[in-house]
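Chemist: Supplied in structure tokens, the structure appears directly below.
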Amino acid sequence: MPPVSDNTGPTDDLDVLVVGAGITGIYQLYRALEAGFSATLVEAGAGVGGTWFWNRYPGARFDSESYTYAYLFSKELFDEWEWQEHFAEQPETERYINHVVDRFDLRRHMRFGARVSAAEYDEPTGMWNVTLGDGTVLRTRFFIAATGVLSVPFFPAVEGRDDFHGQSLHTGLWPSTPVDFAGKRVAVIGTGSSGVQIIPAIADEVASLTVYQRTANWCTPLNNAPITPDEQRQLRADFEAIRETLNTSVSGFLHTAHDRATFDDSHEERQAFFEKMWNSPGFSKLTSHYTDLLFDPAANAEWCAFIADKIRSIVSDPETAEKLIPTDHRFAEKRPPFVTDYYETYNKPNVSLVDLKQTPIVRMTANGIETAEGVREFDIVVWATGFDFGTGALARMGIRGRGGLALTDYWADGPKTFLGVHTVCLPNLFFPGGPHAAAGNNPRYNGDQVDFVTDTLVYVRDHGYDVIEVSAAAEERWTSMIDRGAALSTSFGESSYFFGTNIPGKPRKYLLNSAGRPKLFKEISRVRENNYDAFELSRASASSR
Ligand code: NA7
């Protein structure tokens, strides 16, 4: 294990400034220090974890297997951390991330409660001046925004939202002190991955739970379980093979791909296979499914019909069951949530479902929520209404590049990137884990990007340059590849954060990379083989080196 360098921080003149102490930012800090750069990380929150710091609502947990989501750069770390469950709950993940930060002595390079309010590129020196909320300005050569795709919570503009006198909570801004749900009348608005996790987690505790659903999702069981001592031993014994698979597989999971298409099997064989999928863990329902699931609408419809029947068999009230069956999108066109006892929750006498397509929210009142049906009163309203995905955090940092160009202006019609890490006019700025990324198991894809960014910075330094900027042609090639991939599929529902259409007024642009990891790997190899000629490398006119 190479020790990280002893560059002490924080300092006001840096090689590398990382923003965000989530999974990606922490790894980026580690890699930058390991490569010998002076580095500091600033984080708006009071602690480490990013998504796993802010999303601490009851029931928040992984739906990637814990040991596939975790860091792989250290065998010692892998060996010494025993995940308790195949899909860890938020507190365990937050403990793990804190352990990593202390284990590798990274905390002294971090500043908490430090939100970036402006970041301006200084052309003569090739440095970034980054202003924090308290007015401190940090000067850095390389500016790395690991600010995440799901870090800006979205509150819909419901009339009278601030008039509500009870407790109003967003899943993505959950308080650090426990919320007392006991005996309370609770509303949950939103049935995405967060909503469907919190709903079963609090149902037994509350007096009443009313779920406000605008669009139903294709939810399937997570099938979580504790990790047995035998499994723990096996995981350790298999570390190198696991790492190899996770570092090279298409989606960054360990699941084995299936070798048959839907209609290769008879109806009976298909039903048996669907049953097997229903009982399989997490994302294997995508990665180990029939090979044509995502490509043949008829194949996808078969699987959706199977799930619909499951919903009807679990939910005893037929009207509620029908409301819970999606009608506007196919399986995996939106991010499929994985659940524990979600549909079962609707059989509890204190739980009810409001279909907002039939009875939209009119306004919030001081005591509750008014829909076309009338007012229901609540003590607590939980907004599980999602995030300004992909570009939200980058757009809020006041970033200005070459010639004072604002990133928000350059991206007014949607993001343009190279490899989802860099964009024209912002020399020396990178954003691993940003838009045009996040395909599959996030930490794996984002980790690939961090490795690429770090290797690129080392290349720049070791070749005597101090300014790097992607060429317009390379950015155009990558961005049009993203747009072409998105155009292949037609039905994504009315509102999808994949396209930013969950945020009113946001341009409809695909924010992920449908070509996934293989395309990322291919482009990274191409950059290396061509000696980074996708980039323009130079020395700043007022360079101090
Ligand atoms: P999501 O998946 O974006 O879900 C947000 C939910 O909130 C979804 O059901 C939305 O319905 C609903 N929503 C949004 N705006 C409104 C309004 N105005 N009225 C009613 N309901 C609304 O966010 P999550 O936090 O659940 O999950 C985000 C990611 O976190 C997830 O993919 C995982 O990676 C972890 P809609 O579907 O738009 O009709």
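Chemist: For region 456-473, state whether one or more residues are under 24 Å from Val18 (Cα atoms), among the hydroxyl-bearing types (Ser, Thr, Tyr) and free of Cβ contacts under 8 Å to residues at least 60 places away in the same chain.
Modeler: No, that holds for no residue.
Chemist: Separate question: In region 383-406, which residues are of a type in the set (A, V, I, L, M, F, W, C) and not in a helix (DSSP H, G or I)?
Modeler: Applying the first criterion (of a type in the set (A, V, I, L, M, F, W, C)) to region 383-406 yields 383-384, 387, 389, 393-395, 397, 399, 405-406.
Matches in region 383-406: Trp383, Ala384, Phe387, Phe389, Met397, Ile399, Leu405, Ala406.
Chemist: Now for a different question. Which condition from (1) within 20 Å of Ala145 (Cα to Cα); (2) surrounded by fewer than 24 Cβ atoms within 10 Å (Cβ to Cβ); (3) at pLDDT 95 or above is the one that Glu43 breaks?
Modeler: Glu43 satisfies every listed condition except (2).
Chemist: Being out of contact with any Ser or Thr (no Cβ under 7 Å at 6 or more places or on another chain), in contact (Cβ under 8 Å) with a residue 40 or more places away in the chain, within 16 Å of the ligand (Cβ to nearest atom) and of a type in the set (A, V, I, L, M) is the requirement here; does Ile482 meet it?
Modeler: For Ile482, the condition - out of contact with any Ser or Thr (no Cβ under 7 Å at 6 or more places or on another chain), in contact (Cβ under 8 Å) with a residue 40 or more places away in the chain, within 16 Å of the ligand (Cβ to nearest atom) and of a type in the set (A, V, I, L, M) - is not met.
Chemist: Are there any pairs, at least 6 apart or on different chains, whose C-beta atoms fall under 7 Å, with the first in region 239-258 and at positive phi and the second small (Gly, Ala, Ser) and at pLDDT below 95, and if so, which?
Modeler: Once the first residue is at positive phi and sits in region 239-258, its partners that are small (Gly, Ala, Ser) and at pLDDT below 95 give Gly252/Gly440.
Chemist: Of all helices (runs of 4 or more DSSP H) completely enclosed by region 235-321, which ones contain at least 3 residues that are of a type in the set (Lys, Arg) and in contact with a Phe, Trp or Tyr (Cβ under 8 Å, 6 or more places away or on another chain)?
Modeler: Details: elements: 239-248, 267-278, 284-287, 297-314.
Correct list: empty, since no element meets the threshold.
Chemist: In region 417-450, how many are more than 23 Å from Tyr71 (Cβ to Cβ) and aromatic (Phe, Trp, Tyr)?
Modeler: 1
Chemist: Step by step: first the residues of region 1-18, then only those that are touching a Lys or Arg at 6+ places or on another chain (Cβ under 9 Å) and at pLDDT 95 or above, then the one that is farthest from Gly447 (Cα to Cα). Which residue is that?
Modeler: Leu14
Chemist: Continuing with this model, one more query. Take the conditions more than 26 Å from Tyr410 (Cα to Cα), within 16 Å of the ligand (Cβ to nearest atom) and assigned to a helix (DSSP H, G or I) and apply them to Pro518. Does it pass?
Modeler: On the way: more than 26 Å from Tyr410 (Cα to Cα): yes; within 16 Å of the ligand (Cβ to nearest atom): no; assigned to a helix (DSSP H, G or I): yes.
Against the criterion (more than 26 Å from Tyr410 (Cα to Cα), within 16 Å of the ligand (Cβ to nearest atom) and assigned to a helix (DSSP H, G or I)), Pro518 does not qualify.
Chemist: Name the one entry in Glu80, Glu89 that is at pLDDT 95 or above and within 20 Å of Arg233 (Cα to Cα).
Modeler: None of the other options fit; the residue is Glu80.
Chemist: Tell me the residue from Tyr57, Tyr27, Tyr67 that is part of a loop (DSSP other than H, G, I, E, B) and among the hydroxyl-bearing types (Ser, Thr, Tyr), please.
Modeler: Criteria check complete, one pass: Tyr57.
Chemist: Go through region 207-226 residue by residue and tally those that are within 24 Å of Val186 (Cα to Cα), among the hydrophobic types (A, V, I, L, M, F, W, C) and away from the ligand (no atom under 13 Å from the Cβ).
Modeler: Number of matching residues: 2.
Chemist: May I ask you to list the residues in region 378-436 that are within 16 Å of the ligand (Cβ to nearest atom), touching a strand residue (DSSP E or B) at 6+ places or on another chain (Cβ under 8 Å) and of a type in the set (S, T, N, Q)?
Modeler: The one that is within 16 Å of the ligand (Cβ to nearest atom), touching a strand residue (DSSP E or B) at 6+ places or on another chain (Cβ under 8 Å) and of a type in the set (S, T, N, Q): Thr385.
Chemist: Would you call Thr359 within 16 Å of the ligand (Cβ to nearest atom) and either more than 30 Å from Ala437 (Cβ to Cβ) or outside any loop (DSSP other than H, G, I, E, B) (or both)?
Modeler: Yes: the conditions hold for Thr359.
Chemist: Continuing with the same structure: Could you pull out the residue among Leu33, Leu72 that is out of contact with any Ser or Thr (no Cβ under 9 Å at 6 or more places or on another chain), hydrophobic (A, V, I, L, M, F, W, C) and either within 16 Å of the ligand (Cβ to nearest atom) or at pLDDT 95 or above (or both)? Full working, then the answer.
Modeler: On the way: Leu33 fails: out of contact with any Ser or Thr (no Cβ under 9 Å at 6 or more places or on another chain).
After ruling out the rest, the residue left standing is Leu72.
Chemist: On to the next question. Can you name the number of the only condition in (1) within 30 Å of Glu373 (Cβ to Cβ); (2) surrounded by 18 or more Cβ atoms within 10 Å (Cβ to Cβ); (3) within 13 Å of the ligand (Cβ to nearest atom) that Asp328 fails?
Modeler: Of the numbered conditions (1) within 30 Å of Glu373 (Cβ to Cβ); (2) surrounded by 18 or more Cβ atoms within 10 Å (Cβ to Cβ); (3) within 13 Å of the ligand (Cβ to nearest atom), the odd one out for Asp328 is (2).
Chemist: Please find, among Ala308, Ala272, Ala366, Ala298, the residue that is of a type in the set (A, V, I, L, M) and under 14 Å from Trp218 (Cα atoms). It would help to see each step written out before you state the result.
Modeler: Details: Ala272 fails: under 14 Å from Trp218 (Cα atoms); Ala366 fails: under 14 Å from Trp218 (Cα atoms); Ala298 fails: under 14 Å from Trp218 (Cα atoms).
Residue meeting the stated conditions: Ala308.
Chemist: Go over the candidates Val339, Val381 one by one and state the one that is of a type outside the set (Ser, Thr, Tyr), in contact with a Cys (Cβ under 7 Å, 6 or more places away or on another chain) and surrounded by 20 or more Cβ atoms within 10 Å (Cβ to Cβ).
Modeler: Sole residue among the options that is of a type outside the set (Ser, Thr, Tyr), in contact with a Cys (Cβ under 7 Å, 6 or more places away or on another chain) and surrounded by 20 or more Cβ atoms within 10 Å (Cβ to Cβ): Val339.
Chemist: Could you pull out the residue among Asn502, Asn531 that is of a type in the set (S, T, N, Q), away from the ligand (no atom under 16 Å from the Cβ) and not in a helix (DSSP H, G or I)?
Modeler: Exactly one residue qualifies, and that residue is Asn531.
Chemist: Inside region 442-483, can you point out the residues that are more than 23 Å from Thr140 (Cα to Cα) and more than 27 Å from the chain's Cα centre (by Cα)?
Modeler: Ala472, Ala473, listed by residue number.
Chemist: Still on this structure: Go through region 203-234 and count every residue that is touching a Ser or Thr at 6+ places or on another chain (Cβ under 6 Å) and surrounded by fewer than 17 Cβ atoms within 10 Å (Cβ to Cβ).
Modeler: The qualifying residues number 0.
Chemist: Sticking with this one: Return only the number of the condition from (1) of a type outside the set (A, V, I, L, M); (2) within 30 Å of Val19 (Cβ to Cβ); (3) touching a Ser or Thr at 6+ places or on another chain (Cβ under 9 Å); (4) surrounded by fewer than 16 Cβ atoms within 10 Å (Cβ to Cβ) that Gly403 does not satisfy.
Modeler: Failed condition: (3).
Chemist: Out of (1) within 20 Å of Leu394 (Cα to Cα); (2) touching a Phe, Trp or Tyr at 6+ places or on another chain (Cβ under 8 Å), the odd one out for Thr408 is which?
Modeler: Going through the list (1) within 20 Å of Leu394 (Cα to Cα); (2) touching a Phe, Trp or Tyr at 6+ places or on another chain (Cβ under 8 Å), Thr408 breaks only (2).
The values are calculated or read from the model by the stated rules, or taken from the named source; none is laboratory data. Every value quoted in this text rests on a predicted model; they were computed, and no experiment measured them. Backbone-built Cβ (ideal geometry, glycine too); neighbour counts: all protein chains shown.
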